[in-house]
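Everything on this sheet refers to the single structure shown next.
The values are calculated or read from the model by the stated rules, or taken from the named source; none is laboratory data. What you are looking at is a predicted structure, and each value in this text was computed from that prediction instead of being measured. Because the Cβ atoms are built from the backbone with ideal geometry, glycine has one as well, and the counts that use them run over all protein chains shown.
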Amino acid sequence: MAGNTIGRIFTVTSFGESHGPAIGCVVDGCPPGLVLSVDDIQKDLDRRKPGTSRHVTQRQESDTVEILSGVFEGKTTGTPIALLIRNEDARSRDYGNLIDTFRPGHADYTYWQKYGIRDYRGGGRASARETAVRVAAAAIAKKWLREKYGVVVRGYLSQLGPHEVPFKSWDAVGGNPFFSANPDVVAKLESFMDELRKSGDSVGARITTVAEHVPVGWGSPVYAKLDADLAGAMMSINAVKAVEIGSGFASVTQRGSEHGDELTPEGFLSNNAGGILGGISTGQDIVVTIGIKPTSSIRVSRRSIDKRGKPVTVETNGRHDPCVGIRATPIAEAMMALVLMDHALLHRAQNADVSTKTPKIAASAKNSPKSAKSAGVTKTNSDPHEA
C-alpha cells in the first residue's frame, strides 16, 4: 500500500491498524537540537484520546507514546524519530458481523474492491485510530514552529450538527469536551449529544483551525501552494468532506471590493484570504475550516450488500463516536502544523537569504471595522484572526 507518507522535507510515515498490536510513525527531517521528551508529545495525545467524555467512544486507550529513536540526551539528533503507541483495548469481536458486509458511508466497500483483502476489525487501516500518530508527530512540529518562529497552531469546534458555535475566547477551548470556544453553548451541546447517542445515530461537525504569527513568504505559487497542501492534508483526515480557506464558500457571494483584503501601512484591513495569497502566506493568521461527515458506524439499520452482492441489513454495534468531530480539533491542528513545518523548512532551504526593501506590514490594522471579517468569526477581544 502506497500513500502513507506526508511531507517533502519534514516527512511522516505512519503504520498500524486499529486492532493490531500498535500504531506508530517515523518522523524524518526534523532539525537536530530540538529539546524533546515524551511529555511534549503526550499532552496533545491526551487531548485526542478516546474515552475522555460520555460523548465519544468509550474505548479505553491510554495512547502512551514511546520514542524509539532520533532523540539522544533529550534532544533530536536529526535522524528519523520513531514513535510507537500500543493498542490496549481493542474488542475485535464487535466487528464479527462485518466480515462479509460493508457499512454504508464507510471505506469497507472501496477498500475491499481495491485490495481484495480487508482488516474488518474496527476499520483496520481506514480507522480514525491512525490519526493518533499524526497528533504525536505534529507535537514535534508544533514545538519547533513555536520556538523557531513563534507560530501557534490551535483550533476549535465551530459547529456541531445543526448548532453553530460562535467564537468567544480561546480560554474556553480547553475547558469542555467539545473544544468549544464558547462556554455558553456547552450545555446545549451536551443535551444534543445525549439525545443523539440514545437514538443510535450520528452527526457531523465543523472545525476551524488557526495558525498565528506565520511569517510572510511560506509556500509557492504553482504546485506547492500552501493552501493546496493544507487542503490536501485536511482532506486526508478520516471523515473530512469539505475544506475552506478563509472566507471559503462565502466568497462566492462577495464582491471583489469586499473580498480583496486591502493593505494599509498599518496592516491588512480584513482576512478573507485566510492568510494565503497566490499559494504564499501573507503574514496574517492562516484560517482553515473543515467539514466532517457523520460517523458511518451507527446502530440504525441500513441497507447494504455482502461480498456476493446480495442485499443485507447492517447495524454496527460496539464503541463508536456518535460525532467524530468532537475529537477532531487536535487532529486538524496536527495536519496544519505538519504542513507548516514542511513549508518552513522548504522556505529556509531556498529563500532564507531573500530580502526586499518593502516593509512587512502588520497582520491586521488595529481598530479596523473589517479586521474581523474572516471565516464568519465575530470580533472580540480574543479574536483568533487578529495578530
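Details
- Cβ pairs under 8 Å, 6+ apart, first in segment 164-182 and over 17 Å from VAL324 (Cα atoms), second β-branched (Val, Ile, Thr) and surrounded by fewer than 17 Cβ atoms within 10 Å (Cβ to Cβ): PRO166/THR378; PHE167/THR378; PHE167/THR380; LYS168/THR380; SER169/THR380
- A count restricted to segment 198-233 and to residues that are of a type in the set (Phe, Trp, Tyr) and free of Cβ contacts under 8 Å to residues at least 40 places away in the same chain stands at 1.
- Residue selected from segment 309-332 under the condition modelled with pLDDT under 90 and among the charged types (D, E, K, R), by the criterion nearest to ASP108 (Cα to Cα): GLU315
- Considering VAL300, VAL243, the condition of being of a type outside the set (S, T, N, Q), under 17 Å from the mean Cα position of the chain (by Cα) and surrounded by fewer than 21 Cβ atoms within 10 Å (Cβ to Cβ) is satisfied by VAL243 alone.
- For segment 128-154, the set of residues classified as surrounded by 24 or more Cβ atoms within 10 Å (Cβ to Cβ) and in contact with a Phe, Trp or Tyr (Cβ under 7 Å, 6 or more places away or on another chain) consists of ALA141 only.
Rundown of residues vs (1) in a helix (DSSP H, G or I); (2) at pLDDT below 80, yes/no style:
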{"position": "ILE305", "(1), (2)": "no, no"}
{"position": "ALA337", "(1), (2)": "yes, no"}
{"position": "ALA362", "(1), (2)": "no, yes"}
{"position": "VAL377", "(1), (2)": "no, yes"}
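- Subset of segment 17-42 that is under 19 Å from the mean Cα position of the chain (by Cα) and part of a strand (DSSP E or B) - its residue that is farthest from ALA126 (Cα to Cα): VAL27
- Selection from segment 27-39 of residues that are surrounded by 17 or more Cβ atoms within 10 Å (Cβ to Cβ) and in contact with a helix residue (DSSP H, G or I) (Cβ under 9 Å, 6 or more places away or on another chain): VAL27, CYS30, LEU34, LEU36
- Flag if TYR109 is of a type in the set (Ser, Thr, Tyr), within 22 Å of the chain's Cα centre (by Cα) and either closer than 16 Å to LEU34 by Cβ or modelled with pLDDT of 85 or more (or both): no
- Of all residues in segment 138-152, those that are at pLDDT 95 or above have Cβ atoms under 7 Å from Cβ atoms of residues that are surrounded by fewer than 20 Cβ atoms within 10 Å (Cβ to Cβ) and in a helix (DSSP H, G or I), 6 or more apart or on another chain, in ALA139/ASP40; LYS143/ASP40; VAL152/ARG146.
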